[in-house]
Amino acid sequence: MKRLKIIQKFILEVPSSAQQVAKWAVVVIVLAGLVSIHQDCPAQRRSRGTPQKIIQLPQPKLTGPLSFEEMVVKHRIVQQLSSQTINFEQIGQLAWAGQGIMEQASQTTSQSQGTLAAGQAVPQVQGIYPITMFFVLSNGVYVYNPIGHTLEQTFDRDVRIAFAQAVRNPDAVTTAGCNIIIAGPLKDPAGRVPSVAKRLSLLQAGQTAQNIQLQAISLNLASIPAGEFDSRIVARICNLSRNLDVLHLISVGYPAETTYSGAATSQQPSGTLPPAQNIAQQRIAVLIVAEENFNDMELFETMRYLNAAGIQTIIASTRLGVVRGTMGGLAESAVLINQLRIDDFNAVIFIGGDGARTYLNNPDALNIAREATAKKKVLAAISTTPTILANAGVLRNIRATSYIADKSLLQQGGAIYTGNNVERDGLIVTSSGQIAVVQFAAAIVEALAGK
């Protein structure tokens, strides 16, 4: 303010013939300052007090184990990813494939102070449609800086649960090793026709996404592009600046089906499991699944944990024999749900997945939930299936959780919705989804042990 008064005094004191020149000089100085401030601002608005962490990514590899043709052959769309983490070397390779700068281009740019577009993995369309990539990880949100090949933290909290509300496949977001947001301006800074600007920006976003997906294949990873998403929710959660539009979302990680091999059985599985409470007395749990499109991870991981705790598991469905999960996993249904004898089991567990929606108003499923509650059995449901318990009327005044999208259905059934990953109220255990499947299984074991 003091400087502004000095400038005003200077303008008034100069001869009238020179005042006009002085005024224009001030305008130029102010505009130059605004441009400088704008250039210094990152692509994402930061809230005050948010710590900033910069991660130097490992140098990308310029050769890989697969040819282009082999990557095309291996490219396939999966529906679910495992919760196995990926490292920063893999993340760095994905970032480089999408927006990385070639070394020679970087050197040329530093000398000429020109555009970086020509040296990027995906050249900018006509040099005016810059893409910005954000990585949503378990410890926050990062923006990728292609010049330094670094990740710059712009938000220091896990937003994946909230982020999952914006997509049609929330499990992919919550279990992925990383979620990549491809953002860019849909308005043309050069003033071209809006439809042309939109087409060119989307073209570049598509090229970036293709590079990322092919790189994922080379790293033995899988990718799930979000076909439908609410860009407003994504922008709000990740605090994107107003000049950026969310153009594409990709979840990347290890495919869930690599965790399992063969059909599910009730035998204790091999492999390392979290410690579980061994129960001296033999207990039996029945897991109710849809005959098609049950959630593979929810079924197999729950069975693995229960079996490791010494609990026998049996699968029930609307048909006998082989039933199939969304990821192609196979399980053996040993009993029909309309012939299920609740007295034969200590726990009844509803497994989620798209196919489980068929049980929402199924009389047999609703009666099973009611009878299990009446006979003091452990009753558990995960992801989409707590709605079955709500429809059965067994969640009145019970603390429960589920997919966030089903919150209103649980509340309509009288549940006290908590939104936690896992909720246990007495003998009733509910979970929001496969991201918490181990905690879900552990809560069932504790309920069976009377803890």
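The values are calculated or read from the model by the stated rules, or taken from the named source; none is laboratory data. Since the model is a prediction, treat every value here as computed from it, not as a measurement. All Cβ positions, even for glycine, are placed from backbone atoms using ideal geometry, and neighbour counts span all protein chains on display.
Restricting the search to the stretch 410-421, which residues are surrounded by fewer than 21 Cβ atoms within 10 Å (Cβ to Cβ) and assigned to a strand (DSSP E or B)?
Of the residues in the stretch 410-421, the ones surrounded by fewer than 21 Cβ atoms within 10 Å (Cβ to Cβ) are 411-412, 414, 416, 418-421.
Once the filter is applied, which keeps residues that are surrounded by fewer than 21 Cβ atoms within 10 Å (Cβ to Cβ) and assigned to a strand (DSSP E or B), the stretch 410-421 yields only Ile416.
Checking each residue in the stretch 366-409 for being among the hydroxyl-bearing types (Ser, Thr, Tyr), surrounded by fewer than 24 Cβ atoms within 10 Å (Cβ to Cβ) and closer than 16 Å to Gly426 by Cβ picks out only Thr373.
Candidates Asn346, Asn338: the one that is more than 29 Å from Thr418 (Cα to Cα), surrounded by fewer than 23 Cβ atoms within 10 Å (Cβ to Cβ) and of a type outside the set (Val, Ile, Thr) is Asn338. Consider Thr150 carefully, then state whether it is surrounded by fewer than 20 Cβ atoms within 10 Å (Cβ to Cβ), at pLDDT 75 or above, out of contact with any Cys (no Cβ under 9 Å at 6 or more places or on another chain) and not assigned by TED's automatic domain parsing to the domain that holds Thr326. Yes. Is it fair to say Ala390 is over 21 Å from Val323 (Cβ atoms), assigned by TED's automatic domain parsing to the domain that holds Ile284, among the hydrophobic types (A, V, I, L, M, F, W, C) and touching a Gly at 6+ places or on another chain (Cβ under 9 Å)? So Ala390 fits the description; yes.
Of everything in the stretch 433-451, what is in a loop (DSSP other than H, G, I, E, B) and crowded, with 24+ Cβ neighbours inside 10 Å? Give them in sequence order. Gly433 - this is the single residue of the stretch 433-451 that is in a loop (DSSP other than H, G, I, E, B) and crowded, with 24+ Cβ neighbours inside 10 Å.
Quick check on the stretch 422-432: of everything there that is in a strand (DSSP E or B) and of a type in the set (S, T, N, Q), which residue is nearest to Lys375 (Cα to Cα)?
Let us first name the residues in the stretch 422-432 that are in a strand (DSSP E or B), namely 422-425, 428-431.
Next, only the ones that are of a type in the set (S, T, N, Q) stay: 430-431.
Details: Thr430: 18, Ser431: 22 Å.
Per the criteria, the residue is Thr430.
Filter the stretch 153-182 for residues that are of a type outside the set (S, T, N, Q) and more than 30 Å from Asp354 (Cα to Cα); which is surrounded by the most Cβ atoms within 10 Å (Cβ to Cβ)? Please lay out each step first, then the result.
First, pick out the residues of the stretch 153-182 that are of a type outside the set (S, T, N, Q): 155-164, 166-168, 170-173, 176-178, 180-182.
Now narrow it down to the ones that are more than 30 Å from Asp354 (Cα to Cα): 155-156.
Numbers: Phe155: 21, Asp156: 13.
Per the criteria, the residue is Phe155.
With the requirement that a residue be part of a loop (DSSP other than H, G, I, E, B) and either at pLDDT 95 or above or on the phi > 0 side of the Ramachandran plot (or both), what does the stretch 292-317 give you?
Matches in the stretch 292-317: Gly310 only.
Residues checked against (1) of a type in the set (A, V, I, L, M); (2) assigned by TED's automatic domain parsing to the domain that holds Thr430; (3) more than 25 Å from the chain's Cα centre (by Cα); (4) within 16 Å of Phe300 (Cα to Cα):
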site	(1), (2), (3), (4)
Ala331	yes, yes, yes, yes
Leu336	yes, yes, yes, no
Ile349	yes, yes, yes, yes
Asp364	no, yes, yes, no
Ala374	yes, yes, yes, no
Val378	yes, yes, yes, no
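Restricted to the stretch 183-211, and to residues there that are in contact with a strand residue (DSSP E or B) (Cβ under 9 Å, 6 or more places away or on another chain) and modelled with pLDDT of 80 or more, the residue that is surrounded by the fewest Cβ atoms within 10 Å (Cβ to Cβ) is Gly206. Note on the stretch 231-245: among residues that are under 18 Å from the mean Cα position of the chain (by Cα) and basic (Lys, Arg), the one that is surrounded by the fewest Cβ atoms within 10 Å (Cβ to Cβ) is Arg232. I need a count of the residues in the stretch 281-335 that are among the basic types (Lys, Arg) and crowded, with 22+ Cβ neighbours inside 10 Å. Total meeting the criteria: 1.
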